[in-house]
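Below is one structure, written out as structure tokens, with a few remarks after it.
The values are calculated or read from the model by the stated rules, or taken from the named source; none is laboratory data. Quantities reported herein were computed from a predicted structural model and do not represent experimental measurements. Please note: Cβ atoms are built from the backbone with ideal geometry, for glycine as well, and neighbour counts cover all protein chains shown. Only protein heavy atoms, including side chains, enter the accessible area calculation; ligands, DNA and RNA are left aside. Shrake-Rupley method; radii C 1.70, N 1.55, O 1.52, S 1.80 Å.
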Amino acid sequence: MVSVVQDPATARVTTILLDISGSMDTEEGGQTRLSNTTDALVQQFTDVLDSTRLGLWVYSDDLEGDNAFRTVVATGPVDEILPAGTRREQLTASAGDLNPATSTSTYESVTAAYVVALTDYVPGKPNSILLVTDGPDDDTTITPERFLDVLSTMTDPNRPVAIDVVSIGTNPDISTLQTMSDITGGSLTTVATSAGPELPELLRKLLY
């Protein structure tokens, strides 16, 4: 009972945007970064409040037509009954089926996820995008400066959507990611490795 009072859960609205680029195939602690990350996410899918709304997007390059991103499970209440079970069950099953792909089109994917998060904004709850990535954007069609300018014009004080970033390993794009988080009122945290307890604890803090 004391732990619940000290660490109360919050019903959130969060779209997880997960990098599945080739670098997520890097082995750490006997598993790939992607496997370590999805294992850590599944822990949180089990624990979050029934009133939490979660969704899962993945991104790399050309995952759905010309789009670098793909909606794996649309954001909604985790206890909602869907054709293949509850959303919580779908999130868990889908996370276990993911495999590393190729490139890292972060800016395009964040922009798309942000548009949807604004459109589907839920008043009265913290709304956010949780970006989990291990590398820099390598899409040359949009510069960091252009991406940040576009994001700045999209923010809406009446529909605050924070972008929280978890960056695994060394990321040359960290300055852009930090500015992106600052613009949206989010956070950026780096972890040296996907193995070990740090990543699951951080994801719990951001989702629970």
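Size estimate for the range 1-118 follows the Kirkwood approach: the inverse of mean 1/r over distinct Cα pairs works out to 15.1 Å. Helical runs (DSSP H, four residues minimum) scored at -39500 (n - 2.57) apiece and divided by the length of the chain put the mean residue ellipticity at 222 nm at -11000 deg cm²/dmol. Once the mean of 1/r is taken over each pair of separate Cα atoms and inverted, the range 33-97 shows a Kirkwood hydrodynamic radius of 12.3 Å.
Beta bridges from DSSP with both residues in the chain: antiparallel share about 30 percent, rounded to the nearest 5.
The charge dipole of the range 132-173, taken about its Cα centre with unit charges on the Cβ of Lys, Arg, Asp and Glu (plus for the first two, minus for the last two), comes to roughly 200 debye. Considering only protein heavy atoms and a probe of 1.4 Å, how much of the accessible area of the chain is carbon and sulfur, as a whole percent? It is 50 percent, rounded to a whole number.
Ellipsoid semi-axes for the range 23-70, based on the Cα gyration tensor and the rule √(5λ), read 23, 20, 4 Å when sorted largest first.
Over the Cα atoms of the range 91-208, Rg to Rh with Kirkwood Rh, two decimal places? Reported Rg/Rh, Kirkwood definition of Rh: 0.95. Taken per residue, the accessible surface of the chain reaches 45 Å², heavy atoms only and a 1.4 Å probe.
Mean projection of the Cα convex hull over all viewing directions, computed for the chain: 11.7 nm².
Which listed residue (TYR59, TYR114, ASN127) has the Cα farthest towards the positive end of the charge dipole for the range 29-155, taking +1 on Lys and Arg C-beta and -1 on Asp and Glu C-beta about the Cα centre? Selected residue: ASN127. Of GLU145, GLU27, GLU108, the residue with the greatest mean-square motion in the GNM of the chain, using alpha carbon springs below 10 Å, is GLU145. Shown here: the range 53-155, whose C-alpha atoms stretch 41, 35, 23 Å along the first, second and third principal axes, sorted largest to smallest.
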